[in-house]
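Report on the structure given below.
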Amino acid sequence: MKVLVIGSGGREHVLAKKCSTSELVDKVFVIPGNDAMTEVATIVSDIDETDHKLIRDFVVKHEIEWVIIGPEQPLIDGLTDELEQTNAKVFGPNKQAAQLEGSKEFAKKIMEKYNIPTAEYQTITDKDKAKKYVEQCKIPIVLKKDGLAAGKGVIVALTRDEAREGVETLYQTQNEKVVFEEFLDGEEYSVMTFVNNEFAVPFDCIAQDHKRAYDGDIGPNTGGMGAYCPVPHISDDILKETNEKIAQPIADALVSEGINYFGLIYIGAILTEDGPKVIEFNARFGDPEAQVLLTRLDSDFIEILEKVYKKEPITLEWKDESVVGVVLASKGYPGSYDKGHLVEGLEDLNQYFVSALKKNDKGQYENNGGRVMIAIGMGDDIESAQQDAYNQVSKIKSNQLFYRKDIAHKAIKANK
């Protein structure tokens with residue numbers, strides 16, 4: 001069979017690699033891909049992921065059987081709806097269903113209606129009202145831009161001054177839609193769930209992301225600076241409770257709303273004193289969680305998708321090793337940064353998943369975005385996997401990249 005992966009980042013790199021190892025797959029294409037993916041797929045760089053008609057024509061011409069959509073924007077923009085006109089099976093929700101990620105307010109309203117545990121919230125669409133609200137609301141407070149923001153539209157305001165600054169940052173015009181949420185305290189974790197309407201199968205291995213830019217969980221929110229799995233200090237009972245209170249209920253809620261959902265739901269959860277609650281939903285794999293989870297996953301990925309499609313029982317098989325991934329990002333990220341700086345040391349691409357590298361005229365890699373790559377380490381436990389990951393990081397030479405030095409620190413601390 002032929003498989004097409006949509007996207008160009010590290011998440012799509014690992015998806016292409018998993019598909020390439022499937023016994024069911026003869027050929028993997030990636031649109032538009034990046035220069036580091038050529039070992040695992042055929043890169044189709046002359047089609048943009050925003051050009052839905054050209055992608056549809058490609059699917060028809062090459063008789064693609066499975067299309068896997070990696071990033072959120074094509075889902076929000078309705079690429080699945082376009083491809084449903086072909087004979088291909090599409091892993092990724094349609095435009096209506098993708099609102100679960102595309103609109104914070106939409107997700108909040110569904111959780112409220114169906115009693116899915118989450119933070120209390122208020123939506124404010126007027127900047128002046130927002131200014132008044134932050135003068136009297138409970139602090140800390142979380143501000144979330146309603147639409148997509150690549151992981152950077154969330155501000156956790158620990159002081160009233162930070163809340164005021166958050167209003168100035170997120171209200172680019174007088175009438176923006178911003179969701180103000182109660183601050184939840186606890187341990188965050190990520191649960192990926194395969195969903196085919198009421199059929200929901202959460203991963204029985206969870207990951208933990210590191211959202212803040214700098215060591216010690218300080219600095220601005222990012223799309224993720226590293227992740228690891230499993231998360232030994234969050235028990236199987238908590239995962240079971242997350243499934244019973246969140247994963248299955250959100251699948252059932254979407255069915256009740258008349259929404260057809262086929263794809264993956266990412267549950268960004270937090271373990272509070274009152275149990276698991278939802279921080280956010282994504283309509284696709286998390287990045288960088290996908291890179292560590294799919295590295296640890298031992299099952300045939302396409303075989304799993306076929307079973308989700310047919311609503312057949314699924315048992316996920318996992319490697320015994322722990323996995324740690326450390327993101328290397330361009331200096332200045334998540335703010336402005338320079339591109340075009342040499343990145344050397346990538347002789348063995350098996351240890352990395354690449355998001356933003358591009359080859360120059362001399363065939364040398366240069367940084368081409370914010371989060372540039374993730375270095376993957378494996379070991380018998382989290383600590384040895386962490387050591388392996390930072391060993392891979394040390395092989396990368398560039399004067400333009402930075403990374404956190406404490407990825408997986410919570411798991412290591414909890415085990416001591």
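Mind listing whichever residues of segment 173-211 are closer than 24 Å to Phe285 by Cβ and among the hydroxyl-bearing types (Ser, Thr, Tyr)? Break it down stepwise before answering.
Initial filter on segment 173-211 (closer than 24 Å to Phe285 by Cβ): 179, 181, 184, 186-211.
Across segment 173-211, the qualifying residues are Tyr189, Ser190, Thr193.
Conditions (1) of a type outside the set (S, T, N, Q); (2) more than 30 Å from Tyr403 (Cβ to Cβ); (3) without any contact (Cβ under 8 Å) to a residue 40 or more places away in the chain, marked per residue:
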{"position": "Glu176", "(1), (2), (3)": "yes, yes, no"}
{"position": "Phe183", "(1), (2), (3)": "yes, no, no"}
{"position": "Ile206", "(1), (2), (3)": "yes, no, yes"}
{"position": "Asn221", "(1), (2), (3)": "no, no, no"}
{"position": "Gly226", "(1), (2), (3)": "yes, no, no"}
{"position": "Glu257", "(1), (2), (3)": "yes, yes, no"}
{"position": "Val278", "(1), (2), (3)": "yes, no, no"}
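State whether one or more residues within segment 40-51 are touching a residue at least 40 places away in the same chain (Cβ under 8 Å), within 20 Å of Leu264 (Cβ to Cβ) and in a loop (DSSP other than H, G, I, E, B).
Checked segment 40-51: at least one residue is touching a residue at least 40 places away in the same chain (Cβ under 8 Å), within 20 Å of Leu264 (Cβ to Cβ) and in a loop (DSSP other than H, G, I, E, B).
Can you tell me which residue within segment 214-238, out of those that are among the small types (Gly, Ala, Ser) and within 16 Å of the chain's Cα centre (by Cα), is farthest from Lys319 (Cα to Cα)?
Going through the qualifying residues, I end up with Gly223.
What number of residues in segment 210-248 are modelled with pLDDT of 95 or more, closer than 17 Å to Ile279 by Cβ and part of a strand (DSSP E or B)?
Adding up the residues that qualify gives 1.
I need the full set of residues from segment 35-54 which are surrounded by 15 or more Cβ atoms within 10 Å (Cβ to Cβ) and either at pLDDT below 95 or in contact with a strand residue (DSSP E or B) (Cβ under 6 Å, 6 or more places away or on another chain) (or both), in order please.
Those that are surrounded by 15 or more Cβ atoms within 10 Å (Cβ to Cβ) and either at pLDDT below 95 or in contact with a strand residue (DSSP E or B) (Cβ under 6 Å, 6 or more places away or on another chain) (or both): Asp35, Ala36, Met37, Ala41, Thr42, Ile43, Val44, Ile47, Glu49.
In segment 291-329, what residues are of a type in the set (Gly, Ala, Ser) and either in contact with a Pro (Cβ under 7 Å, 6 or more places away or on another chain) or surrounded by fewer than 24 Cβ atoms within 10 Å (Cβ to Cβ) (or both)? Lay out the reasoning, then the answer.
As a first pass, look at segment 291-329 and keep what is of a type in the set (Gly, Ala, Ser): 299, 322, 325, 329.
Scanning segment 291-329 gives Ser299, Ser322, Gly325.
Which number in (1) part of a strand (DSSP E or B); (2) in contact with a Leu (Cβ under 7 Å, 6 or more places away or on another chain) marks the one condition that Leu316 misses?
All conditions are met except number (1).
For Ile304, state whether it is over 18 Å from the mean Cα position of the chain (by Cα) and in a loop (DSSP other than H, G, I, E, B).
No, not satisfied.
Results for (1) within 26 Å of Leu349 (Cα to Cα); (2) small (Gly, Ala, Ser), shown as yes or no for each residue.
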position	(1), (2)
Val44	yes, no
Gly78	no, yes
Ala107	no, yes
Glu112	no, no
Ile139	no, no
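Just need a number here: residues in segment 151-205 that are within 24 Å of Ala227 (Cβ to Cβ) and either assigned to a strand (DSSP E or B) or modelled with pLDDT under 90 (or both).
19
Test each condition in (1) farther than 20 Å from Lys89 by Cβ; (2) surrounded by fewer than 19 Cβ atoms within 10 Å (Cβ to Cβ) for Thr21 and report the one that comes out false.
(1)
How many residues are in contact with a strand residue (DSSP E or B) (Cβ under 6 Å, 6 or more places away or on another chain) and either part of a helix (DSSP H, G or I) or under 11 Å from Ile31 (Cβ atoms) (or both) when one looks only at segment 80-96?
Residues flagged as in contact with a strand residue (DSSP E or B) (Cβ under 6 Å, 6 or more places away or on another chain) and either part of a helix (DSSP H, G or I) or under 11 Å from Ile31 (Cβ atoms) (or both) within segment 80-96 amount to 2.
Give the number of residues within segment 375-416 that are assigned to a loop (DSSP other than H, G, I, E, B) and among the acidic types (Asp, Glu).
Of the residues in segment 375-416, the ones assigned to a loop (DSSP other than H, G, I, E, B) are 380-381, 395-396, 398-400, 403-408, 416.
Still in the running and among the acidic types (Asp, Glu): 380-381, 406.
The qualifying residues number 3.
Before we move on, is Glu105 within 19 Å of Leu148 (Cα to Cα), crowded, with 16+ Cβ neighbours inside 10 Å and at pLDDT below 95?
Values: within 19 Å of Leu148 (Cα to Cα): yes; crowded, with 16+ Cβ neighbours inside 10 Å: yes; at pLDDT below 95: yes.
Answer is yes for this residue.
If you check Gly363 against the conditions, is it on the phi > 0 side of the Ramachandran plot and at pLDDT 95 or above?
Numbers: on the phi > 0 side of the Ramachandran plot: yes; at pLDDT 95 or above: no.
Spelling it out, it is not the case that Gly363 is on the phi > 0 side of the Ramachandran plot and at pLDDT 95 or above.
The values are calculated or read from the model by the stated rules, or taken from the named source; none is laboratory data. Just so you know, these numbers come straight off a predicted model, no measurement behind them. In this analysis, Cβ positions are derived from the backbone assuming ideal geometry, glycine residues included, and neighbour counts consider all displayed protein chains.
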